[in-house]
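Heads up, the thing below is written out as structure tokens.
The values are calculated or read from the model by the stated rules, or taken from the named source; none is laboratory data. All values reported here derive from a predicted model rather than from experimental measurement. Cβ sites come from the backbone with ideal geometry, for glycine too, and all protein chains shown count toward neighbours. Surface accessibility is based on the protein's heavy atoms, side chains included, excluding ligands, DNA and RNA. Shrake-Rupley method; radii C 1.70, N 1.55, O 1.52, S 1.80 Å.
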Amino acid sequence: MTLEKSVKSNNLKSSSILRFYGHLSLRQRLLLSTISGKTIAVDKIRPADVNSIDDQTPGLADYEISFLRLLEKITNGSAVEISYTGTSLIYRPGVIIGGKIHHDCPNSRAIGYFLEPLVALAPFAKNPLNIVLTGITNDNVDPSVDTLRTVLLPQLKRYGIEDSLELKITKRGAFPLGGGEVFFRCPTIKNLKPIQLVDPGRIKRIRGIAYATRISPQMANRVVEAAKGILNRYIPDVYIYTDIYKGAESGKSPGYALTLVGESTNGCLLSAECSYRPRKLITMEDEKDANDVKTIELKTTTKPESLLQNDYTFPTPEDLGIRAARLLLQEIKKGGCIDTTNQWLAVLFAALGPEDVSKIRIGGLSNFTVHYLRDIKKFLGVTFNVKPDLETHTVLLSCLGIGYSNLNKKVN
């Protein structure tokens, strides 16, 4: 009986293959496949359509292929089969081994795209994970390394992951050329602790980081002053650090960004961020297309890949600071113990937790979290009880954990 329970809680391996379609949610399904040990097959990944006027490249994107290579590095025995056209793949997960790894991230996506899944996989590895990632550190598409360091990593301590947990930013890398570098270290654990995040408390202080690379330090100071001008209307305890990088540590492109974190009386963290994005240069062909209304409509409505980019150009640093401050105020207004960006980790660890009830209060279910809950049910067999709270306008999630145990952990 004990052996049967251990095998079940370790990898949940099954001979059946789970089938999915499309490139959406591909990263989270690869993550759940690696944890559960179930093989997945994904078809129709950006299929080529001769009748389509969209100019997207069919098949897997470069950042998705890079993520598959990263999974091969941190695991042992993983197998990936990709079709000739790149529109379908079969992924057979192996054992998470961790260790010392170096990975170069493509500039099409930021380091946060690759680092987020590692935060969930590293605690269940055989050896502690020590990885160096290079690429873009801040953009408006993926969570920045500042958000991961100040918000996501402190969440791990709630589940018993504390010793030797570190995320160090050695170089900054702005869009589009990148050149940043981060070092992530995470220990391994045997089991997760149950979590009860029901009372968010009240916001007692706001902290932030404004960085600037290969640009005047005055840009970061202007961002700070604009953000404090908005936030000081509601709370006096606001302090934003300025982080200026020069020389080899400043990456290959100029840029600046702001990350804000609100801390409540119960230790809940809510975040918001904005990054400077260079304005796209207008060419002669763009000016000709501007005279054709049909061309503009086609460009804005028939390119799904453009939905990845929040194209905030921010004419002045003050606009960026005001935008970030208002986004943080919106997160605080939603309520809940976890912000929208980091809902996925709390939901996943609640499902993997011990065979006890875990409860989480969030401000509202994002579309990403809704799809994630459906995938968790398919991979782990965990169903969440979703109960809206009409008084606080929040949502209470509760589930019974599967008692996932890390049998890969190396015994000293």
TODO: Considering each of G251, G262, G208, G267 in turn, give the residue that is touching a strand residue (DSSP E or B) at 6+ places or on another chain (Cβ under 6 Å) and at pLDDT below 95.
DONE: G251
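Residues are listed down the side, and each one gets a yes or a no for (1) within 18 Å of the chain's Cα centre (by Cα); (2) part of a helix (DSSP H, G or I); (3) free of Cβ contacts under 8 Å to residues at least 40 places away in the same chain; (4) outside the structural domain of G112 (by TED's automatic domain parsing):
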position	(1), (2), (3), (4)
A346	yes, yes, no, no
K359	no, no, no, no
F379	no, yes, no, no
K387	no, no, yes, no
- [ ] Could you please find all residues in the stretch 240-262 being open to solvent by 50 Å² or more (accessible area, probe 1.4 Å), among the hydroxyl-bearing types (S, T, Y) and under 20 Å from D319 (Cβ atoms)?
- [x] T242
Open item on the list: With the structure loaded, tell me whether L380 is open to solvent by less than 60 Å² (accessible area, probe 1.4 Å), within 21 Å of S405 (Cα to Cα) and either in contact with a helix residue (DSSP H, G or I) (Cβ under 7 Å, 6 or more places away or on another chain) or among the acidic types (D, E) (or both) or whether it fails that test.
Closed with: yes
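Residue-wise test of (1) touching a residue at least 24 places away in the same chain (Cβ under 8 Å); (2) more than 26 Å from G112 (Cα to Cα); (3) within 25 Å of the chain's Cα centre (by Cα); (4) not assigned by TED's automatic domain parsing to the domain that holds L148.
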residue	(1), (2), (3), (4)
G178	yes, no, yes, no
C186	yes, no, yes, no
I209	yes, no, yes, yes
R214	yes, no, no, yes
M219	yes, no, no, yes
TODO: Pull up the stretch 175-186, narrow it to residues that are at pLDDT below 95 and on the phi < 0 side of the Ramachandran plot, then point me to the one that is most open to solvent (accessible area, probe 1.4 Å).
DONE: L177
Task: Complete set of residues in the stretch 111-170 that are open to solvent by 10 Å² or more (accessible area, probe 1.4 Å) and among the small types (G, A, S) - done: G160, S164
Task: Members of the stretch 84-132 that are outside any strand (DSSP E or B) and of a type in the set (G, A, S) - done: G86, S88, G94, G98, S108, A110, G112, A120, A122, A125
